[in-house]
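The values are calculated or read from the model by the stated rules, or taken from the named source; none is laboratory data. Since this is a predicted model, take the numbers as computed values, not measurements. All Cβ positions, glycine included, derive from the backbone under ideal geometry; neighbour counts span all protein chains shown. All accessible areas refer to the heavy atoms of the entire protein, side chains included, with ligands and DNA or RNA removed. Shrake-Rupley method; radii C 1.70, N 1.55, O 1.52, S 1.80 Å.
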Amino acid sequence: MADGIWYEDDIARVVVTEEQIRVKTEELAKQVAADYATVERVLLVGVLKGAVMFMADFARALGRCGRPVELEFMAVSSYGQRATSSGVVRILKDLDRDIAGRRVIVVEDIVDSGLTLSWLLRYLASRSAATVDVVALLRKPDAIQVQVPVKYVGFDIPNEFVVGYGLDFAEGYRELPYVGVLKPGVYARA
Ligand code: 5GP
């Protein structure tokens, strides 16, 4: 165990460092703060559980840029391995409040196929949000092929399974301060 930190030995490679996340989060917040300068309170909607770290840091970064925010969380589950474009997504936790007329920003950890996100955007539109933008910390190559409008993107990463900074493998590794790839042996153990 390196440095007494349990997960270090399980990580093959760091894809995005803690410092890169910190700097990028500030950059994204500055852009959003400028674009939303006239909005009294931006409503951030995070999708549990993966987005929780990014949501917390992004909200505080917006605060430092002088933009007041409100936070809402949703939890959804896809039927089967993947959500389908026909929208087969089950809501496990809905919004606590009415969002009609609100300027909403969806805060996403990662956009892969984009299918979950496209369902979510349709759902938020059906709840009469005034506008919906998306900020995603990570984006994988497949996402570029589907028509999901992700206005603010942190990092384009290769098509491999990553963990950390909210993203899990079998519910573990969410607390890592960086995003990394697991050693193959970890999957063999699972
Ligand atoms: P999509 O509908 O865009 O294919 O899937 C998005 C969701 O799949 C993310 O919010 C995340 O929960 C999960 N996901 C996609 N890629 C990864 C990955 O590399 N690692 C982990 N841990 N989850 C991922």
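Summary of computed values
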| item | result |
| --- | --- |
| Any helices (runs of 4 or more DSSP H) falling wholly within the stretch 36-145 and containing at least 2 residues that are more than 12 Å from the ligand (Cβ to nearest atom) and in contact (Cβ under 8 Å) with a residue 12 or more places away in the chain | 52-64, 115-126 |
| Some residue of the stretch 36-53 being in contact with a Ser or Thr (Cβ under 8 Å, 6 or more places away or on another chain), closer than 18 Å to residue 130 by Cβ and open to solvent by less than 70 Å² (accessible area, probe 1.4 Å) | no |
| Checking residue 148 against (1) in a loop (DSSP other than H, G, I, E, B); (2) more than 10 Å from the ligand (Cβ to nearest atom); (3) surrounded by 13 or more Cβ atoms within 10 Å (Cβ to Cβ); (4) of a type outside the set (Lys, Arg), the condition it does not meet | (2) |
| Among (1) farther than 15 Å from residue 103 by Cα; (2) modelled with pLDDT under 95, the one test that residue 40 misses | (1) |
